[in-house]
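For reference, the structure discussed in these notes is given below.
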Amino acid sequence: MTTHDTFRSPTTLRVGTWAELGTDAQAVRSAVFVVEQGIPAELEWDAADAGALHVVACADGVPVATGRWLTSDEPGVVRVGRMAVLAAHRGGGLGRRVLDALIDAARAAGHATVMLHAQESAIGFYDRAGFEAVGPSFVEAGIVHQEMRRRI
Ligand SMILES: CC(C)(COP(=O)(O)OP(=O)(O)OC[C@H]1O[C@@H](n2cnc3c(N)ncnc32)[C@H](O)[C@@H]1OP(=O)(O)O)[C@@H](O)C(=O)NCCC(=O)NCCS
């Protein structure tokens, strides 16, 4: 696991495995996806977590943001998912820092492209980070999504 401290805020980013970060990632995802968005818990947890690379951001030691990527069937393409920032911590650049850390780790692992299924309300966030929409939108877990991709 690697840890990045910054001088800008007392927020610490950690990059690691599910064994290292799962408890903290789960706390954030449960608050955002299950409690806030009402997504059934059984759709939120999947077996992919065990093999994914995870990022967790903590503010003053409390987990407040997370995301993950996993390899896909396409060589060189990783899929980012489960991006979540606690509501009280949004709009301050934390989501972008988590996404950048995921992308940096994917690039370091030799991958060339990041793809994801963006919730419709988050398309602008990924657009700001250089992702482009690919194909038509579709419904997943009852929410409209859009595939987006970025070369890294
Ligand atoms: C989407 C989410 C991860 C963004 O995190 P955040 O910390 O609020 O985002 P940031 O503050 O890092 O924003 C980075 C940039 O994206 C923009 N942005 C953030 N959310 C946006 C949105 N929903 N729509 C359009 N632009 C957005 C910001 O204005 C900022 O722009 P800038 O580069 O011009 O300053 C967060 O809102 C969240 O957890 N939402 C609920 C769960 C969710 O939708 N997850 C995504 C599932 S695909």
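All of the numbers you see were taken from the coordinates with simple rules; none came from a lab. Just so we're clear, the structure is a prediction, and the values are computed from it rather than from any experiment. Reconstructed Cβ throughout: ideal geometry from the backbone, glycine too, with neighbour counts over all protein chains shown.
If we sort 40-50, 132-142 on the protection proxy, mean other Cβ atoms within 10 Å, highest first, what's the order?
Working: 40-50: 12.5, 132-142: 10.9.
My ranking of the peptides, most packed first, is 40-50, 132-142.
Given a Förster distance of 25 Å, report the FRET efficiency between Ala50 and Ala88 from their Cβ-Cβ distance, rounded to the nearest 0.05. Working shown, then result.
Details: r = 30 Å, r/R0 = 1.18.
Here the calculated transfer efficiency is 0.25.
Which whole-number percent is the relative contact order of the range 51-152 (Cα, under 8 Å, 6+ apart)?
Numbers: 176 pairs, mean separation 22.5, N = 102.
Rounded, it is 22 percent for the range 51-152.
Averaging over every viewing direction, what projected area does the convex hull of the Cα atoms of the chain cover, in nm²?
Numbers: hull surface 34.5 nm².
Approximately 8.6 nm², given one-decimal rounding.
Which whole-number percent is the relative contact order of the range 2-115 (Cα, under 8 Å, 6+ apart)?
Values: 195 pairs, mean separation 27.7, N = 114.
Reported relative contact order: 24 percent.
Working out 0.36 nm times the residue gap between Arg128 and Ala19, then minus their Cα-Cα distance, what length gain in nm do you get to one decimal? Display every interim value, and only then the final one.
Working: separation 109, 0.36 × 109 = 39.24 nm, distance 3.13 nm.
Roughly 36.1 nm would be gained on extension.
Just to be sure I follow the definition: excluding the sites themselves, where is the longest run in the chain that has none of the trypsin sites (Lys or Arg not before Pro) in a DSSP loop with at most 15 other Cβ atoms within 10 Å? Please list the in-between numbers first.
Details: sites that count: Arg8, Arg90.
Longest stretch, sites excluded: 9-89.
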